Amino acid sequence: MKPSRQSYSVEEALKKMGRYCAYQDRCHHEVRQKLWEMNMIPEAIDHIMAYLIEHDFLNEQRFAESYTRGKFRIKNWGKVRIVRELKQRDISQFIIKHSLRQITDQEYHKVLDGLARKRLEALANRTRMEKKQKLASYLLYRGWENDLVYDKIRELLD
């Protein structure tokens with residue numbers, strides 16, 4: 001016998017989602033998913049979403065900006081990966097472009113340089129070809145643009 005899933009009233013769900021959104025910036029997609037998992041009906045989900053947006057618990061622009069800052073500054077992700085992750089969360093192209101403006105070109109290149117040099121130190125006992133290959137795959141996985149990655153590899157290894 002399956003255990004019965006808990007059901008929530010609209011007021012309980014509103015309080016729960018208010019805390020969920022106040023704890024950390026969330027996107028609409030995450031909140032809808034959470035409400036769906038709470039077995040809320042579509043009309044209740046729409047009502048709760050409208051309330052959260054109206055009372056500024058939920059703001060996609062704010063979410064995209066904090067997500068971009070965090071992933072770039074803490075995880076050292078490149079713009080390609082940040083854009084891909086934001087698109088998976090159904091963030092509009094306009095908001096994505098606006099949130100990426102927070103990253104200056106100077107800061108972007110500085111982080112790429114630091115990341116590449118640090119990774120290269122870890123690859124010290126490899127052949128030159130292995131270093132190129134491993135450094136490229138590492139930086140590309142982290143979402144850095146192809147042209148920037150290969151320019152950096154040429155700069156550091158040629």
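Return the total of residues in region 50-69 being over 11 Å from residue 86 (Cα atoms), aliphatic (A, V, I, L, M) and either in contact with a helix residue (DSSP H, G or I) (Cβ under 7 Å, 6 or more places away or on another chain) or assigned to a loop (DSSP other than H, G, I, E, B) (or both).
Residues meeting the conditions: 2.
Name the residues in region 1-40 that are without any contact (Cβ under 8 Å) to a residue 12 or more places away in the chain and either in a helix (DSSP H, G or I) or closer than 26 Å to residue 86 by Cα (or both), would you?
Matches in region 1-40: 11, 12, 15, 19, 23, 24, 33, 36, 37.
Can you tell which of 95, 153 is closer than 30 Å to residue 23 by Cα and aliphatic (A, V, I, L, M)?
95
All but one of (1) farther than 30 Å from residue 29 by Cβ; (2) exposed (fewer than 12 other Cβ atoms within 10 Å of the Cβ) hold for residue 146; which doesn't?
(1)
State all residues of region 114-133 that are out of contact with any helix residue (DSSP H, G or I) (no Cβ under 8 Å at 6 or more places or on another chain) and surrounded by 13 or more Cβ atoms within 10 Å (Cβ to Cβ); if no residue qualifies, say none.
Once the filter is applied, which keeps residues that are out of contact with any helix residue (DSSP H, G or I) (no Cβ under 8 Å at 6 or more places or on another chain) and surrounded by 13 or more Cβ atoms within 10 Å (Cβ to Cβ), region 114-133 yields only 133.
I'd like the full set of residues that are of a type in the set (D, E, K, R), part of a helix (DSSP H, G or I) and over 27 Å from residue 69 (Cβ atoms), limited to region 105-154.
Hits for region 105-154 are 128, 130, 131, 132, 134, 154.
Kindly list, by first and then second residue, each pair from a residue in region 74-92 that is modelled with pLDDT of 95 or more to a residue that is assigned to a helix (DSSP H, G or I) and of a type in the set (Lys, Arg), limited to pairs with Cβ atoms under 6 Å and residues at least 6 apart or on different chains.
77/71; 82/71
The values are calculated or read from the model by the stated rules, or taken from the named source; none is laboratory data. What you are looking at is a predicted structure, and each value in this text was computed from that prediction instead of being measured. Neighbour counts run over all protein chains shown; Cβ positions are idealised from the backbone, glycine included.
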